[in-house]
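Written below as structure tokens is the structure these notes are about.
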Amino acid sequence: MKLVGIFPYLYKLENPQNCSAIVRTADAVGIEKVYITEDKPFVINEKISKGSHKWVRIEIVEEPMEFLLDMKKQEYKIVATSLSENAINYRNYNYNQKTIIIFGNESKGIDKEILDLSDVLIKIPQYGKVQSLNVSVAFGIIFYWVDYVRRG
């Protein structure tokens, strides 16, 4: 059963292993499409994706601002992952609405103009010394929470 009306948007990720792991997790949780903006050509590592790229559609986004504004016109909420103080706990967002969730570049995150356009910033609380997670791990945590919220 697919998750409907909620899509991840991978914003300028650089590591093919991360992208491949995300596509694999996307298939596992029932996501039908992943949007991607590339700085480098998008390459799937088939050993990591285990063939999941055959079932999850990859849609390349050439113009991020235009894409997000168009999604807003279609009544999607734009949610960006961020370590900002303004970000809310990812568990406190209402995922029962049309949503695009943006995951940023492994080292640079998400550009300010994209963050400013977002309706909500979310973060995964962390209690150790390191205050960041691998993007594919963050993706899995958030989308399995979405699955729990939507399917119970």
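The values are calculated or read from the model by the stated rules, or taken from the named source; none is laboratory data. Since this is a predicted model, take the numbers as computed values, not measurements. Reconstructed Cβ throughout: ideal geometry from the backbone, glycine too, with neighbour counts over all protein chains shown.
Check the stretch 120-143 and report whether any residue there is of a type in the set (Phe, Trp, Tyr), outside any strand (DSSP E or B) and modelled with pLDDT of 95 or more.
Yes: one or more hits.
Looking at the stretch 104-116, is at least one residue surrounded by 14 or more Cβ atoms within 10 Å (Cβ to Cβ) and touching a Pro at 6+ places or on another chain (Cβ under 9 Å)?
Checked against the condition, which is being surrounded by 14 or more Cβ atoms within 10 Å (Cβ to Cβ) and touching a Pro at 6+ places or on another chain (Cβ under 9 Å), the stretch 104-116 yields at least one hit.
Consider residue 146 carefully, then state whether it is modelled with pLDDT of 95 or more, surrounded by 20 or more Cβ atoms within 10 Å (Cβ to Cβ) and either touching an Asp or Glu at 6+ places or on another chain (Cβ under 8 Å) or among the basic types (Lys, Arg) (or both).
The answer is no for residue 146.
Name the one entry in 136, 132, 84 that is surrounded by 15 or more Cβ atoms within 10 Å (Cβ to Cβ), at negative phi and among the polar types (S, T, N, Q).
The conditions single out 136.
In the set 91, 150, which member is under 17 Å from residue 26 (Cβ atoms) and either in contact (Cβ under 8 Å) with a residue 24 or more places away in the chain or touching a helix residue (DSSP H, G or I) at 6+ places or on another chain (Cβ under 6 Å) (or both)?
On inspection, the qualifying residue turns out to be 150.
Restricting the search to the stretch 66-90, which residues are of a type in the set (A, V, I, L, M) and either more than 17 Å from residue 9 (Cα to Cα) or assigned to a loop (DSSP other than H, G, I, E, B) (or both)?
Once the filter is applied, which keeps residues that are of a type in the set (A, V, I, L, M) and either more than 17 Å from residue 9 (Cα to Cα) or assigned to a loop (DSSP other than H, G, I, E, B) (or both), the stretch 66-90 yields 83, 87, 88.
Quick one: residue 39 ticks every box in (1) over 28 Å from residue 148 (Cβ atoms); (2) modelled with pLDDT of 95 or more except a single one, so which number is it?
For residue 39, the exception is condition (2).
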